[in-house]
Structure formats: C-alpha cells, structure tokens
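> One structure, pasted below without further comment.
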Amino acid sequence: MAAGNRRPPAATLPAVLILVCVLVASASGLQMLPDEDPSTYPEDSSRPREFWYPRGEVIVIDLGNTNSCVAGYTGSGKTTDDDDDTMFQFCIPSWVAFTDNGTALVGEAAKNHAAADPEATIFGFKRLLGLRRNRWYDEDIVQGAIQRVPYKIGTRNYDTTIVQVKNKQLEFSEVASMVVAELKNKAEEYLGRRVEYAVMTIPFHFAAAHRGAAEYAGKMAGLDVVWTVTEPTAAAVAHGLHTKLHEHGAALVLRVGGGTSDASVLILLDGRFEVFRYRDDPFLGGDDFDDRVVDYFAKQIKMKHGVDISQDRVGLGKLRMACENAKKALSSQDHVQVTAESLVDGVDFSEPLSRSQFEELNDDLFCKVMDLVENVMVRAGIERRKNKINEIVLVGGSAMIPKIQSLVKDYFDGREPNIRVKPDEAMALGAAIHVHSL
C-alpha cells in the first residue's frame, strides 16, 4: 500500500479553497456570494486517508433515498490487462421492512412488502442521517419527513432521530447499514472474496454529523470507509468531464432523485472538481411526482366508486406502486395504462395516463426543479452568461423524465444536457472511476 499526501489541518484547508475559488471566479467571471447556512457544508473530503488500497480491494457505496448502488473493479489495479480491470455495479431499492416475526427484508423484497404493511417499511431515510432534533434546521427536515412517510419517527436521548417499527427503536444509521450490508454481500458474491474497504458518495451539503452517520452505517455493515466523494464530483467524473473540460472549465450538475434534488456549479481546478455554488431541496423528487398522480387517481376512484382510498394504506400502497411504474414508462411512451389488482372492493383498477397529463399534474414541481438551476446560476453570477457553463449534466432517476430534460435544454438556449450515463447509476460509477484513477 502506498502512502498518500497528508491532508492540511481542517481549519486551514477550507480557507485555502475559498481563496483559490475567489481567484478563479474573478478570472472566469463567476461571482462569489455568501451561503445562507455555511455550517451545513462539509470539510474538504476530496482526498483519501493517508494510506490507499489496491483497486480491487475497494468498493464504492452510493446510498440513496430511493435506490442504492455498489460499484468497483474486479482487478487488483496492478496490471493493465483489460480482463483484470472489469468494472461492476449492482443497484437495489433503498427500502428496509420488518415482518411480524421480526425478520428484516432489504431491497426489492422490502419494497414489495410495503403494500401489505406500510408502517413497517422504511424508505427515504438518507436525508435523515445524522439529524438532531434539537437543531432547528435538522428539525425542519424531520418534520417534513414525518408528514410524508407512513412509519413512525421518534426521538431518543432528547436529540437523536430514530424510527419506531415492530417494537424496535432504530437509528437511521442502523437502517442504512442493512442496505449497505446487502450491497456489500452482492459485491462479495460477484468478486468471490471478502470486501473490507469502501468509499461512499455523499451530498455536498452533508456536514460532519451527517457524513459521520453515513460512515457509521458502513462500519456497522462491516466496511472500513476510507474516503467520501461528493455526489456532484462523482456525477461529473461519470460523464468524463475530468478529461473533457479545460482548466477552470465550469459544469452545471442537476440531480433529480427519488426524494431530493440539487443543482451545482463545479469548476475544474488543478485536475480536481471544486463545488463553486450549490443548492438543494430535501423534499423534491420522484416521490413527489408520484404523489401528484396518486392524488389524481384517488379523486377519480372516489368519484366513480365512492371509496376514499386515502384512508386505505394497503390500497394506497398498491396505487402508488402502479403510478410509479407508469411514471417510468412515460419516459419512453406517450400513453400508459395504470393498473392495480383488487384495488377497490376486490375490483381491479385500470385507467389511462398520458405523458401530457403527467406533465400537467407536476408542472409546478418541475418549475421548482428549474428554480434550483436558476438559483445556483444567479448565485454564481452567470444567469445572463450561460455560455460560461461548458457542460450540463443530468443525474438521478427522475432526470430521465423528458419534460425535465426539455426544460433544462430550453433554459440553456437549446444546448443538449449530457445524460449519456444512466442517470440513476451515474454516481456510483463516477465515484469508482474517480477513486481508482488516482
């Protein structure tokens, strides 16, 4: 194992980065503006710990609110033989459920269990990692989650956020560790050996407590998390921008996930990406788009059958799954049939939905996505000089929605956004490439 560069003291490094970014901003025409809540931004995490590991011994974990992925290389990193450097990736739903006998289900099995027992099925928990109930910013997010999920969110020791399910009280790091463990098992099955080391992707806004909670989830799953890579950087590398952009080149990365969305302006500086401007929304994504369609059909059911399905958790779970599948299909089709078996009084549900209807139902939410883009461009001082952005990248599962792609294209005066990598898998792939190219 080779020794790496020592990190500067934590108190010194951010000041150095800020000074460098100010100089670059002045040269490129970008403007530095103060952040509203800089305490939520992390220390620099773009360098690994002092020791590094051969390529085949490190996996990348991309933990998401909706889906999570593991990626890595099969080779040792000591040879240039193509067969020894094959990249792999597996993704699973970020869902954990508990049966009546206490058995834990993870991934697809847990998601399928949601219709039968919604209150025992946990999802969308990444945004809750490391949150403390005694901090107003954290509590706002917790309250937002309480209004949106069927499971019970509580408190332990006055400030620790927990989930209460089947007579269990679990911290969200414990829930996340079950997903990470499943991904670790998939990697080990594929590689045919034990995996000990991991790199995790994290949102740029994750501060020390949030990042620590994510790393602790990895530790509970049996992994030594040796590094974290911010998601905007991973997305940019997945699309080859580390080799495509010139020095001081700028990129706009828009991530629209299942539960959260964010926009970033990145600058390539000395071969590394620095996040120059960033904006996020913890409750904007595919789940919200699904909600609009569910609400629409719930009203249709009430008018036609006189049944208020909003009070039927099992029926609502079936309808939600049908609407989610329809949303995905509308990314490649103009019309779909939304179907669910035995939804109302034992009668199967089947109704048409067009792409135009879907877009109309979510018009204001799509505008909120574009507000993130506009906000980050304004804060970078280039909303009127969009040509300063050299590359536009879309990632996240909901980035596959044609209307979002169209709105981004229109905002950038007809320039096509880069979506050549499957949006919901880009982060893990980009982080794997980034880590193993060092």
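> Identify, among 407, 283, 335, the residue whose Cα sits farthest towards the positive end of the charge dipole of the range 245-419, taking +1 on the Cβ of Lys and Arg and -1 on the Cβ of Asp and Glu, with the dipole about the Cα centre.
So the residue we want is 407.
> One-quarter of the Cα convex hull surface for the range 245-419, in nm²?
With the hull built on Cα positions only, its mean projection is 10.8 nm².
> Say the cut-off is 23 Å between C-alpha atoms; which of 111/318; 328/368; 186/422; 244/328; 184/328 go over it?
244/328; 184/328
> Still on this model: In sequence order, what are the phi-derived ³J(HN,Hα) couplings for the range 282-290 according to the Karplus relation 6.51 cos²θ - 1.76 cosθ + 1.60 with θ = phi - 60°, rounded to whole Hz, with x for glycine and proline?
Running phi through 6.51 cos²θ - 1.76 cosθ + 1.60 with θ = phi - 60° gives x, 9, 8, x, x, 4, 5, 5, 4 Hz.
> What whole-number distance in Å separates the alpha-carbon centres of the range 186-229 and the range 284-354?
Centre-to-centre distance over Cα atoms comes out at 36 Å.
> Here is a follow-up. List the residues, sorted by chain then number, that are 5 or more residues from residue 277 or on another chain and whose placed amide H is less than 5 Å from its amide H.
The list, which skips near neighbours in sequence, is 265.
> Continuing with the same structure: Which whole-Hz ³J(HN,Hα) couplings does the range 152-163 yield from phi under the Karplus relation 6.51 cos²θ - 1.76 cosθ + 1.60, θ = phi - 60°, glycine and proline marked x?
Rounded to whole hertz, the list is 8, 10, x, 9, 10, 6, 6, 9, 7, 7, 10, 10.
> Quick check: with the 1.4 Å probe, what order do 228, 103 take by accessible area, largest first?
Listed by decreasing accessible area, they come as 103, 228.
> A further question follows. Could you work out how far the C-alpha centroid of the range 112-164 sits from that of the range 241-268, in angstrom?
The range 112-164 and the range 241-268 have Cα centres spaced 29 Å from each other.
> Kirkwood hydrodynamic radius (Cα pairs, Å) of the range 332-438?
Computed over Cα pairs of the range 332-438, the Kirkwood hydrodynamic radius comes out at 16.7 Å.
> Next question, about the same structure. Dipole magnitude of the range 341-407 about its Cα centre, charges +1 at Lys/Arg Cβ and -1 at Asp/Glu Cβ only, in debye to the nearest 20?
860 debye
> With every protein chain left in place and a probe of 1.4 Å, what is the accessible surface of residue 87, to the nearest 10 Å²?
Result for residue 87: roughly 60 Å² accessible.
> Considering only DSSP beta bridges with both partners in the range 245-419, what is the antiparallel share in %, to the nearest 5?
Beta bridges within the range 245-419, antiparallel portion: roughly 80 percent.
> Using a 1.4 Å probe, what is the accessible area per residue for the range 245-419, in Å²?
Each residue of the range 245-419 exposes 43 Å² on average to a 1.4 Å probe.
> Using each residue's phi in the range 222-230, evaluate 6.51 cos²θ - 1.76 cosθ + 1.60 at θ = phi - 60° and report the 3J(HN,Hα) Karplus result to the nearest Hz, with x for Gly and Pro.
Taking θ as phi minus 60°, the curve returns x, 10, 8, 7, 8, 6, 10, 10, 5 Hz for the range 222-230.
> How do 125, 90 rank by accessible surface area computed with a 1.4 Å probe, from largest to smallest?
90, 125
> Got a number for the accessible area of residue 152? Probe 1.4 Å, square angstrom, nearest 10.
120 Å²
The values are calculated or read from the model by the stated rules, or taken from the named source; none is laboratory data. This structure is a prediction, so every number in the text was calculated from the model and none was measured. Neighbour counts are summed over all protein chains in view; Cβ atoms, including those assigned to glycine, are modelled from backbone coordinates with ideal geometry. The protein model used for the area step is the full one, side chains on, heavy atoms only, and it has no ligands, DNA or RNA in it. Shrake-Rupley method; radii C 1.70, N 1.55, O 1.52, S 1.80 Å.
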